[in-house]
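Q: One structure is given below, represented as structure tokens, and several questions about it will come after.
The values are calculated or read from the model by the stated rules, or taken from the named source; none is laboratory data. Keep in mind that this is a model prediction, so the values were computed, not measured. When we count neighbours, we look across all protein chains shown, and the Cβ atoms used for this are built from the backbone with ideal geometry, even at glycine. Side chains are part of the model used for accessible areas, which takes the heavy atoms of the whole protein and leaves out ligands, DNA and RNA. Shrake-Rupley method; radii C 1.70, N 1.55, O 1.52, S 1.80 Å.
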There are 2 protein chains.
Amino acid sequence: MTSFEAKVLSCTKAFDCSITRYSHVSKTLGGLTATLSIILPSCENPPVLYWLSGLTCTDQNFIVKAGAAKYVSINKVAIVCPDTSPRGAGAPREAESWDFGTGAGFYVNATQEGYENYKMHDYVVSELPNVVKEILGDRAQVTNCSIFGHSMGGMGALSLAFSNPGLYKSVSAFSPISNPVLCPWGKKCFRGYLGDDVEKWKLYDPTELVLTKGSMFETILIDQGSADEFLEVQLMPQNFTEACQKVGQKVDLNMAEGYDHSYFFIQTFVEKHISFHAQALYN
Amino acid sequence: MTSFEAKVLSCTKAFDCSITRYSHVSKTLGGLTATLSIILPSCENPPVLYWLSGLTCTDQNFIVKAGAAKYVSINKVAIVCPDTSPRGAGAPREAESWDFGTGAGFYVNATQEGYENYKMHDYVVSELPNVVKEILGDRAQVTNCSIFGHSMGGMGALSLAFSNPGLYKSVSAFSPISNPVLCPWGKKCFRGYLGDDVEKWKLYDPTELVLTKGSMFETILIDQGSADEFLEVQLMPQNFTEACQKVGQKVDLNMAEGYDHSYFFIQTFVEKHISFHAQALYN
């Protein structure tokens, strides 16, 4: 068994849950130290729900701002939050802007020179479950899992779910970057990490993926604030839902009147999402 | 009508509430700019519940971390969060440590030279309600109000409630600094703001106040984490409850097993506290 040298950074209690932050050495991210946080309910052997955060976030934003512990407790599902990029990779331009590089890993495996550490797809899909397994042992069902996320992390959740058939029981998203090959955030990161060939970008684009993979889930849940400043230019959820309709993938897109892109919006609907995944995980 | 030159700094939506942050010019704080945040439910004319934060906090900590909007909505009570000290006063040693000066106003009216801006007692009791009245007009019952807080703010809530009879319908606290004349945090701030005469300190000490004022509330609600690192040396809630017993003031002290001093503890019990105050405010 590989040791990830996982260390507890902090531990607290909320409702009947422990909330613990860990660091570990990540082989997938080229030996860099990574952080993750886990909300673990007190029940026996809960399934696992992965949360992927958006641009600029760490493993802590959801933990501090989403108010999720109550619903972790009620629904008996552990939530695991990884970071959004490698830290300290020293990659070109990684610290120049908030929407590329550090805090903006985009859940892809970078192929461009200098970005060898940027393997967040493989990190989340392959290494993270093993880290969680090493940390929790038999205290959670690590292989019975689902995934959700926000913005870049909503994109990541949809992208990982469609590109890894059978890995996740269910997928949902808040305000996902739904068609990143067409939006400024996506183009900037995909070009930087993957080069100029748009066909390579499509392997991580939820809208493109559902068109090629077809229907894979009973239903997909998406919440989107109508007052979200990024809705038109960056997020484009209708592109994803139209692609779903074409291939017969059921999707429940809730346009939530007056909500913006913040964690206050996530806090409002997090109960619904956790309950949605619990139904799939306990089925 | 005095104008406080209130300006909206940000506005968002959570559940059916608006969450708005304002700045205004504070006469009480010597003309400095102060900030406050308001969680306003969509119902007609809610009563007002003041939240006082602890050391190092601003008006934003409770807003971001407590997960309170859901219970504001359910209980139909607006929550108003002021800052914890004046900002930019230029007072002696105000920026040297986290437990004195900026972020540590202790809800007193300072009497010492150089601390003329440190009038957080009068600010919260007298000016803040007028600022809220100017901002909300008839959208809230500003004079039908209660108060609660955490740590230094729990002390502030108890202190203000007992030193201003009739002003607040009910009072509760999370992990209050219950007998500040006896603890390091209290001694440091009281000496700095009020001088060496301990009798002056007692005018702001919850335990001393309840002994002199007697029973003033039907019951007082206190939650305290048993794993709180500050419990023994700084908080001493049993001193307050013993004083309450002496004068016949009913107090419900809940020692919550395993919880620490953080907002995760507050998040766990905030529903209970908001509901407690709503009962008093709608009585």
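Q: Scanning for something over 18 Å from B:Lys13 (Cα atoms), within 14 Å of chain B (Cβ to nearest Cβ) and of a type in the set (Val, Ile, Thr), does segment A:257-273 turn up at least one residue?
A: no
Q: Can you pull out every residue in segment B:109-119 that is in contact (Cβ under 8 Å) with a residue 60 or more places away in the chain and either open to solvent by less than 10 Å² (accessible area, probe 1.4 Å) or part of a loop (DSSP other than H, G, I, E, B) (or both)?
A: B:Ala110, B:Thr111, B:Gln112, B:Tyr115, B:Glu116, B:Asn117, B:Tyr118
Q: Given the residues A:Leu167, A:Leu203, A:Leu136, which is the only one that is more than 28 Å from A:Arg93 (Cα to Cα) and not in a loop (DSSP other than H, G, I, E, B)?
A: Of the residues listed, the single one that is more than 28 Å from A:Arg93 (Cα to Cα) and not in a loop (DSSP other than H, G, I, E, B) is A:Leu136.
Q: B:Glu229 fails exactly one of the following numbered conditions: (1) within 14 Å of chain A (Cβ to nearest Cβ); (2) closer than 24 Å to B:Ser146 by Cβ. What is the number of that condition?
A: Every listed condition holds for B:Glu229 apart from (2).
Q: Among the residues of segment A:130-160, which ones are free of Cβ contacts under 8 Å to residues at least 60 places away in the same chain and closer than 19 Å to A:Ala34 by Cα?
A: A:Lys133
Q: Next up: Test B:Ile74 against the stated conditions and say whether it is open to solvent by less than 10 Å² (accessible area, probe 1.4 Å), on the phi < 0 side of the Ramachandran plot, among the β-branched types (Val, Ile, Thr) and within 14 Å of chain A (Cβ to nearest Cβ).
A: no
Q: Still on this structure, I have one more. Take segment B:183-226 and flag every residue that is open to solvent by 10 Å² or more (accessible area, probe 1.4 Å) and touching a strand residue (DSSP E or B) at 6+ places or on another chain (Cβ under 7 Å).
A: B:Phe217, B:Thr219, B:Ser226
Q: Against the condition within 29 Å of B:Asn283 (Cα to Cα), buried (at least 17 other Cβ atoms within 10 Å of the Cβ), of a type outside the set (Lys, Arg) and in contact with a Phe, Trp or Tyr (Cβ under 7 Å, 6 or more places away or on another chain), how does B:Ser175 come out, does it pass?
A: Considered against the rule, which asks whether it is within 29 Å of B:Asn283 (Cα to Cα), buried (at least 17 other Cβ atoms within 10 Å of the Cβ), of a type outside the set (Lys, Arg) and in contact with a Phe, Trp or Tyr (Cβ under 7 Å, 6 or more places away or on another chain), B:Ser175 comes out as no.
Q: Restricting attention to segment A:246-264, which residues are among the β-branched types (Val, Ile, Thr) and either under 18 Å from A:Ser151 (Cβ atoms) or crowded, with 21+ Cβ neighbours inside 10 Å (or both)?
A: Selection gives A:Val251 alone.
Q: Within 14 Å of chain B (Cβ to nearest Cβ) and within 28 Å of A:Glu94 (Cβ to Cβ), is that true of A:Ser18?
A: When the stated conditions are applied, A:Ser18 does not pass them.
Q: When you scan segment A:233-253, do you find a residue that is under 19 Å from B:Lys70 (Cα atoms) and within 18 Å of the chain's Cα centre (by Cα), even just one?
A: For segment A:233-253, residues under 19 Å from B:Lys70 (Cα atoms) and within 18 Å of the chain's Cα centre (by Cα): absent.
Q: Could I ask something else about it? If the Cβ limit is 8 Å and pairs must be 6+ apart or interchain, which residue in segment B:60-71 that is at the interface with chain A (Cβ under 9 Å from one of its Cβ atoms) pairs with which residue that is open to solvent by 10 Å² or more (accessible area, probe 1.4 Å) and assigned to a loop (DSSP other than H, G, I, E, B)?
A: The qualifying pairs are B:Gly67/A:Gly67; B:Ala69/B:Phe15; B:Lys70/A:Gly67; B:Lys70/B:Phe15.
Q: Select from segment A:133-185 the residues that are out of contact with any Pro (no Cβ under 6 Å at 6 or more places or on another chain) and of a type in the set (Val, Ile, Thr) and write down the one among them that is modelled with the lowest pLDDT.
A: Only one residue tops the list, namely A:Thr143.
Q: Conditions: (1) assigned to a loop (DSSP other than H, G, I, E, B); (2) of a type in the set (S, T, N, Q); (3) in contact with a Phe, Trp or Tyr (Cβ under 7 Å, 6 or more places away or on another chain). A:Ser159 meets all but one. Number of the miss?
A: (1)
Q: Looking at segment B:227-245 only, could you name the residues that are over 15 Å from B:Pro176 (Cβ atoms) and surrounded by 13 or more Cβ atoms within 10 Å (Cβ to Cβ)?
A: B:Ala227
Q: Same structure again: Which one of B:Ser275, B:Ser262 is touching a residue at least 40 places away in the same chain (Cβ under 8 Å) and small (Gly, Ala, Ser)?
A: So the residue among B:Ser275, B:Ser262 that is touching a residue at least 40 places away in the same chain (Cβ under 8 Å) and small (Gly, Ala, Ser) is B:Ser275.
Q: Identify all residues within segment B:207-248 that are in contact with a Lys or Arg (Cβ under 9 Å, 6 or more places away or on another chain), outside any strand (DSSP E or B), in contact (Cβ under 8 Å) with a residue 24 or more places away in the chain and not aromatic (Phe, Trp, Tyr); write none if there are none.
A: The answer is B:Glu208, B:Leu209, B:Val210, B:Leu211, B:Ser215, B:Glu218, B:Thr219, B:Ala227, B:Cys244, B:Val247.
Q: Would you be able to say whether some residue in segment A:232-247 is away from every other protein chain (no Cβ under 14 Å) and either small (Gly, Ala, Ser) or in contact with a His (Cβ under 8 Å, 6 or more places away or on another chain) (or both)?
A: So far as segment A:232-247 goes, yes, one or more of its residues are away from every other protein chain (no Cβ under 14 Å) and either small (Gly, Ala, Ser) or in contact with a His (Cβ under 8 Å, 6 or more places away or on another chain) (or both).
Q: OK, next. Go through the residues of segment A:265-282 one by one and say whether even a single one is crowded, with 20+ Cβ neighbours inside 10 Å, outside any helix (DSSP H, G or I) and in contact with a Cys (Cβ under 9 Å, 6 or more places away or on another chain).
A: Scanning segment A:265-282 turns up no residue that is crowded, with 20+ Cβ neighbours inside 10 Å, outside any helix (DSSP H, G or I) and in contact with a Cys (Cβ under 9 Å, 6 or more places away or on another chain).
Q: Just to verify a result, which residue in segment B:21-36, among those that are among the aliphatic types (A, V, I, L, M) and open to solvent by less than 20 Å² (accessible area, probe 1.4 Å), is farthest from the other protein chains (Cβ to nearest Cβ)?
A: So, considering only residues that are among the aliphatic types (A, V, I, L, M) and open to solvent by less than 20 Å² (accessible area, probe 1.4 Å), the one farthest from the other protein chains (Cβ to nearest Cβ) is B:Leu29.
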